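Read the figures in this text as sums done on the coordinates, not as results from a lab. Worth saying up front: this structure is predicted, and the values here are computed from it rather than measured. Cβ: placed from backbone, ideal geometry, glycine included. Neighbour counts: every protein chain shown.
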Amino acid sequence: MKLSFSAADEAFRNEVADWLAANLCGEFEQIRYRGGPGDEHSYVQERKAWERKLHEGGWTGLGWPCAYGGRGATIEQQVIFNEEYARAGGPGRMGHIGETLTGPTLIAFGTEQQKQRFLPGILRGEDLWCQGYSEPSAGSDLANVKTRARYDEARGRWLITGQKVWTSLAHESQYCFVIARTDPASVGQKGLGFFLLAMDQPGIEVRPIEQLTGTSEFNEVFFDDAVCGADDIVGAPGEGWKVAMGLLGFERGVSTLGQQMLFQNEFDEVVRIARENGAAADPALRQRIADAHVGLRIMRFNSMRMLSGGGDDGSLSREAMIYKLYWATWHRNLGKLAMDVLGPESEILDGAPYQLNRLQSLFLFTRSDTIYGGTNQIQRNIIAERALGMPREPRG
């Protein structure tokens, strides 16, 4: 685990900081610190424009190989970029799923034709992606997916039928990667495919899910013989689980750095308010603030450890397997701390439609952190069985 930076790295840091200072202003000033968890509905068009601006500056696909339009940046440089991005108040990324999940997955598992077709639009910030994993009966138990993929031999295409749920920003996305069952007789991890679908077609319906915060960045997505080209399956039919797990490995890779930088900005806001309203003088709150700071630093160090041992295929180290459980619990606790720092009056609002401030939205949104992406209970099973080699939990 390397926690120091060379002189060349620090020169890169200055380059990043100077570019952000020169560009995250003017028309983009209003989106600084916006678009994080619970705030993804804010300034959507402006944040889309920001994605294109990042591409113009050469800051998208930072760690991608140069052969595919990236900068081939080292892990240290990627850490630096995310640190400086957060320090400058960079907004939540609209292109996160495409750049940090779809792109690396295609580079690792896709065909050359798929890379040439899909990677440029991701880099340019023009093509946004969403994730078609969870279903009503397949949340933490992802291998229980029921969405079906049937190959239409007459027309040489796949037809996708089923339902996905909790699909972030599906209403803003041009594409979706979908896990579907290619073998109707299969169960569990076998017989799955990993498909790349265009969202703008008659066979797809997107329905927003209104959250506790009153916003709707999550959606249900219904597929009714949605068309997927014969060349738009990643890997062979039946290899979907391998590709899906590789993608989840990338999710616990470099993409964690940007997430942590958003956490840092939220934590800094809690500290600022605690100093302004006197909450920092309360010994109990001051101790909880200190604990949150320590927890965030531990999260960063573990991410550095994960990244120093990661592979190019998304394979997970033991350190990576604890990450979801750790950050979800930490972030939920930060939301509660934010409300306690704001004081009891923050729990009272005039009435619907509720005008939530940034930390109120944070508190409500973080209630979901320990559920989506694999519940805390499922994460503990993964740690026990896959990381520690303990016996599998009995299953009915």
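Once both labels are modelled 7 Å past Cα along the beta-carbon direction, what's the His41-Glu153 spacing in nm?
Once both label points are built, they end up 4.9 nm from each other.
Take the Cα of Asp225, step 7 Å along the line toward its Cβ, and report every residue of segment 170-209 whose backbone nitrogen sits under 11 Å from that point.
203
Within a Cβ distance under 12 Å of Ile378, other residues only, what is the Lys/Arg minus Asp/Glu net charge?
Surrounding charge for Ile378 is 0.
Take Asp350 and Arg275, extend 7 Å from each Cα along the Cα→Cβ direction, and tell me the distance between the two endpoints in nm.
The two pseudo-label positions are separated by 3.1 nm.
On average, how much area does the Cα convex hull of the chain cover when viewed from any direction, in nm²?
One quarter of the hull surface, i.e. the mean projection, equals 21.2 nm².
Just how far, in whole angstrom, is segment 55-96 from segment 121-142 if you go by their alpha carbon centroids?
21 Å
Could you tell me the distance between the Cα centroids of segment 380-396 and segment 172-196, to the nearest Å?
Each part's Cα centre sits 25 Å from the other's.
With r as the distance between the Cβ atoms of Leu388 and Asn144 and R0 = 30 Å, compute the FRET efficiency 1/(1 + (r/R0)^6) and round to 0.05.
About 0.80, to the nearest 0.05.
Let me know the charge dipole size of the chain about its Cα centre in debye, to the nearest 20, where only the beta-carbon of Lys, Arg (+1) and Asp, Glu (-1) is charged.
1020 debye
Taking the Cα centre of segment 129-238 as origin, sum charge times position over the Cβ atoms of Lys and Arg (+1) and Asp and Glu (-1), and report the length of that vector in debye to the nearest 20.
340 debye
What ranking do 160-169, 296-305 get when scored by the average of other Cβ atoms within 10 Å per residue, highest first?
By packing density, highest mean first, the sequence is 160-169, 296-305.
Of Leu342, Gln259, Phe365, which is farthest along the charge dipole of segment 252-387 in the positive direction, counting Lys and Arg as +1 and Asp and Glu as -1 at C-beta?
Going by the Cα projections, it comes out as Gln259.
How large is the dipole of segment 7-94 about the Cα centre if only Lys and Arg carry +1 and Asp and Glu carry -1, each at its Cβ, rounded to the nearest 20 debye?
260 debye
Given N residues in segment 7-94, what is its alpha carbon radius of gyration divided by 2.2 N^0.38 Å?
1.08
Work from the charge dipole of the chain (Cβ charges, +1 for Lys and Arg, -1 for Asp and Glu, about the Cα centre) and give the residue of Asn14, Gly70, Ala292 farthest towards its positive end.
Ala292
For the chain, build the charge dipole from Cβ charges (+1 Lys, Arg; -1 Asp, Glu) around the Cα centre, then report which of Thr147, Ala170, Pro208 sits farthest towards its positive end.
The Cα lying farthest towards the positive end belongs to Thr147.
Which of Tyr68, Tyr175 comes first, and how do the rest follow, when ranked by fewest Cβ neighbours within 10 Å?
Ordered from fewest to most neighbouring Cβ atoms within 10 Å, Tyr68, Tyr175 come out as Tyr68, Tyr175.
Note the full-extension length gain between Arg318 and Ala8 as 0.36 nm times their separation in residues minus their Cα-Cα distance, in nm to one decimal.
108.5 nm
Between Asn376 and Asp183, what FRET efficiency comes out of the Förster formula 1/(1 + (r/R0)^6) with R0 = 22 Å and r the beta carbon distance, rounded to 0.05?
About 0.10, to the nearest 0.05.
Go ahead and estimate [θ] at 222 nm for the chain from helices alone: -39,500 (n - 2.57) per DSSP H run with n ≥ 4, summed, over the residue count, rounded to 500.
The per-residue figure over the chain is -13000 deg cm²/dmol.
Between the alpha-carbon centers of segment 328-378 and segment 253-284, tell me the distance in whole angstrom.
If we compute the Cα centre of each part, the gap is 13 Å.
Can you list the DSSP H helices in the chain whose Cα atoms extend at least 20 Å along the helix axis and whose mean Kyte-Doolittle hydropathy is -1.0 or higher?
7-23, 255-277, 283-308, 323-342
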